[in-house]
Amino acid sequence: MSPISSPDGSSSPPRPANSPADGPATNPADGPATHPAGEPATNPSGGPATHPAGEPATSPGGGPPRPRPGAEPAEPAEPDGAHSPSPTTLATKPHQTGRDPDKPDPSGPDPSGLGVAERASRDLAAQFEDEKPGRVLSGPAGLLLTTAALAVGALALWQVFRPLSQGSKYYLIIFLAGVLPLVFLAYPADLRLPGRLRIWRGRASTGPTVSETGPTVSDWVLVALAVTACLYPVLPIRIGSGGGGYNAFLDRQGLLTPTDLVLGTLLLLLLLEACRRTTGWILPVVCLLFLGYGYYGGFLPQSWPVAHAGLDFSQLVDAFYNSDSGFYGTPLDVAASYIVLFTIYGAALEFSGAGRFFVELSAAAFRRSRTAAGRTAVASGFLLGTVSGSGAATTVSIGAVTWPLLRRAGYPPERAGGMLAAAGVGAILSPPTLGAAAFIIAEYLGVSYLQVLGWATVPTVLYYLGILFAVEIDARRSGVRPAVIDVGSPWRLLARFGYHFASLIAIIVFLAVDVSATRAVVFAILLTVALSFLDRAHRLTPGRLVTALVTGVRGVLAVTAVCAAAGIITATTTKTGLGPQAAALLIGGAQAVTSDPTFVLVLTALLAAVALSLLGLAVPVTASFVIGWVIVGPALLDLGVTAPAAAMFVFYFAVLSEVSPPTALAAVAAAAVTGGRLVPTMWQTLRYALPAYLIPIAFVITPAGLGLLGIGGVQRIAFAAVVTALSVAVLAVAAGGWLPGVGRAGAPERVLGALAGVTLLWLEPVPVTVGAALAAVAAAGVFLRRRSAGRPSTNPLKERL
């Protein structure tokens with residue numbers, strides 16, 4: 001497979017964490033940096049390629065450049081329609097580095113097991129992901145982390161086929177005891193300003209520096225405390241008035257001893273610190289607010305809807321430490337049973353070369369089209385999303401490869417960044433590896449993961465369809481240059497490397513024949529390992545397999561901390577009855593405006609969408625879903641919305657927080673790659689992802705909306721999919737201001753188009769008819785505008801001028 005190169009000339013990994021054997025990083029001394037298609041990286045004037053900010057295209061370490069979100073591009077963006085139509089040919093060739101590409105980089109891998117380019121890409125992705133970048137460990141600390149990660153991975157795999165006899169909660173205790181100490185080894189304290197605040201203070205270009213030093217004394221103390229607090233419930237020895245083993249600990253539920261309270265409080269504090277280290281300050285603050293509500297809520301006036309009888313601190317610790325809704329509740333169960341296995345699978349698939357294949361296949365599929373560069377970016381986001389489940393990381397991965405293609409095709413940095421961010425966030429929506437919240441949906445609703453995948457399929461297709469419509473419109477409106485990407489036949493690529501799809505298909509097949517999701521992914525891992533030997537450069541030899549396993553476990557550290565801390569929220573909500581109370585407030589607010597049941601539902605859905613969007617600005621997607629489900633979910637259910645529709649509604653708005661201003665982490669990551677201005681990039685991202693904000697509302701406001709989730713007969717599903725696809729197309733025209741095949745749309749036509757698109761989402765016969773009529777009027781207006789613009793002027797004054 002001829003690799004597509006990143007801006008520095010090295011093969012860019014599809015995701016940050018990868019193996020040095022995936023492809024040698026290009027050392028600046030080895031030869032000239034190459035364009036992602038293999039050509040020398042030169043700017044249009046023929047000089048050396050420069051970073052969008054004017055810096056050289058290679059970083060000091062030979063890794064990909066790290067552009068500044070606020071930096072100006074080297075080439076000023078041309079106005080819409082001003083681009084030359086001459087095509088730009090981009091050839092894909094082997095590395096021109098002057099050495100054998102099959103041999104390892106002489107500079108060698110760094111202690112993390114990643115090449116220089118891979119580590120730089122990982123750090124850039126982590127800077128704008130919900131997860132902060134971790135340490136690069138070596139020596140005894142690195143060996144300890146590797147050994148412990150291997151043990152955790154082996155335990156997770158063992159649990160699939162030989163579950164521990166003491167039950168699932170016992171396994172969760174052991175799992176947390178293995179993972180939580182690793183958080184304090186892998187993530188530094190980093191008490192500086194959170195990354196989001198640094199962005200707004202104009203220092204996002206420097207980013208958080210990954211600590212190259214080992215753990216401090218305080219880190220080792222926290223490791224020891226974490227091991228003690230986590231293993232305390234299962235230690236068979238007496239410790240003061242507590243201890244005595246697992247069964248004795250369970251017998252004390254509701255009657256915790258002073259020792260239990262001390263250890264439970266210690267674990268609470270450790271989890272908050274772990275969340276702060278991995279995701280920042282906001283989630284710990286939210287958890288503390290729920291904790292404060294649980295303790296002080298009894299002091300509120302009892303006439304207030306959110307008041308409750310009050311809980312003392314021992315009751316709260318008992319709910320967190322010794323119940324099934326606290327630390328060891330459903331979110332942690334999902335992380336320990338599903339997410340860790342899927343992260344290991346994703347790492348194995350990437351190390352086998354699948355990510356590079358997906359990007360090349362995308363380029364090959366559209367290599368001769370006018371919009372080849374844009375289509376390649378969108379298709380790469382979709383394919384990488386099937387194994388990623390991470391929005392900002394996927395954005396950085398596809399951006400590192402496709403941004404130079406987009407730039408040469410004539411895309412301004414902000415527009416290209418918006419496209420990359422929207423395509424990257426689709427990773428969290430794309431089957432078969434949805435984000436962590438999707439597994440929580442399956443557990444909360446008691447359904448199979450295959451059902452959740454089925455619910456997500458049509459909305460995912462519609463999401464990417466909307467982005468593709470926007471790409472086609474932009475290409476015609478802005479005069480994007482055709483880019484002929486010479487990467488060979490996609491059929492030849494599929495014939496040689498199409499086996500990378502086998503494990504993805506296998507997961508679906510196993511789920512369809514009632515194999516559990518955990519076993520299905522383990523079988524997929526084994527299939528990936530076996531098929532990797534078909535590619536000499538990416539064989540998963542024992543050493544690389546160990547690296548993949550450790551990478552997968554490291555990838556779940558932050559998620560585990562978030563899921564365990566989410567137990568604070570769920571336990572507090574359960575003990576205080578906050579969920580029904582908040583639902584009553586939400587519905588009451590809608591009923592204060594109207595008494596019509598239909599409009600009450602619509603207004604409640606809109607209020608819920610706003611609330612979820614605001615919540616998602618502050619906390620990671622997984623925590624946002626958990627909070628949204630316990631607060632907003634009951635309100636929708638009380639109004640007659642089905643559980644699948646309510647759950648997917650909450651899920652989608654939790655995910656869309658990554659493209660919602662003013663934080664829009666995926667957009668910030670894209671701006672860092674393209675060098676575009678931050679705020680315009682966010683608005684471009686919002687424009688590309690616009691249909692995704694409206695489609696979830698269609699889930700809940702009409703029964704026919706369930707067809708979008710694949711629920712109902714074939715007729716309902718087809719009707720919902722076709723009408724919503726029309727709505728997405730009309731909204732794309734309204735947002736882009738261009739009707740393909742006709743021409744530019746004026747303000748009246750765009751307003752009519754927006755009204756038509758929104759009306760079409762009300763999936764009932766009359767609104768659909770009205771929406772279709774409005775869309776036809778808008779299209780006719782565009783056509784008449786073009787005809788009138790093409791007629792010669794009959795105004796004598798204009799003729800004289």
Percentage relative contact order, segment 304-444, counting C-alpha pairs under 8 Å, at least six apart: 25 percent
Length released on extending from Ala718 to Leu614, taking residue separation times 0.36 nm less the Cα-Cα span: 34.1 nm
For Leu144, solvent-accessible area (1.4 Å; no DNA, RNA or ligand), Å²: 80 Å²
Cβ crowding within 10 Å averaged over residues, with 720-726, 626-632 ranked highest first: 626-632, 720-726
Per-residue HN-Hα couplings for segment 284-290 [Karplus 6.51, -1.76, 1.60; θ = phi - 60°; Hz; x = Gly/Pro]: x, 5, 4, 4, 5, 5, 5
Dipole-positive endmost among Val359, Thr433, Tyr444 within segment 335-455 (Cβ charges, Cα centre): Val359
Compactness of segment 520-672, expressed as Rg and Dmax over alpha-carbon positions, Å: 20.9, 68
Peptides 777-789, 673-685 ordered by average Cβ neighbours within 10 Å, highest first: 673-685, 777-789
Full-extension gain in nm, Ala643 to Asp312, via 0.36 nm per residue minus C-alpha separation: 115.8 nm
Values of log10 I(q)/I(0), in the order q = 0.13, 0.20, 0.23 Å⁻¹, for segment 622-729 under a Debye, Cα-only, solvent-free model: -0.58, -1.02, -1.14
Probe 1.4 Å, accessible area per residue of segment 725-777, Å²: 41 Å²
Over segment 443-583: Kirkwood hydrodynamic radius from C-alpha pairwise inverse distances, Å: 20.1 Å
Using θ = phi - 60° and Karplus 6.51 cos²θ - 1.76 cosθ + 1.60, couplings along segment 770-777 (whole Hz; Gly, Pro as x): 4, x, 5, 5, 4, 5, 5, 4
Residues of segment 730-768 with amide N under 11 Å of the 7 Å Cα→Cβ point at Val777: 749, 752-753, 755-756
Peptides ranked, highest mean first, by Cβ atoms within 10 Å: ranges 244-254, 225-235, 147-157: 225-235, 147-157, 244-254
Stretch gain in nm, segment Asp596-Ala248, where the contour uses 0.36 nm per residue and the Cα spacing is subtracted: 119.8 nm
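The values are calculated or read from the model by the stated rules, or taken from the named source; none is laboratory data. Because the structure is predicted, anything quoted here is derived from the model rather than measured. Backbone-built Cβ (ideal geometry, glycine too); neighbour counts: all protein chains shown. Calculation scope for accessible area: heavy atoms of the full protein, side chains included, ligands and nucleic acids excluded. Shrake-Rupley method; radii C 1.70, N 1.55, O 1.52, S 1.80 Å.
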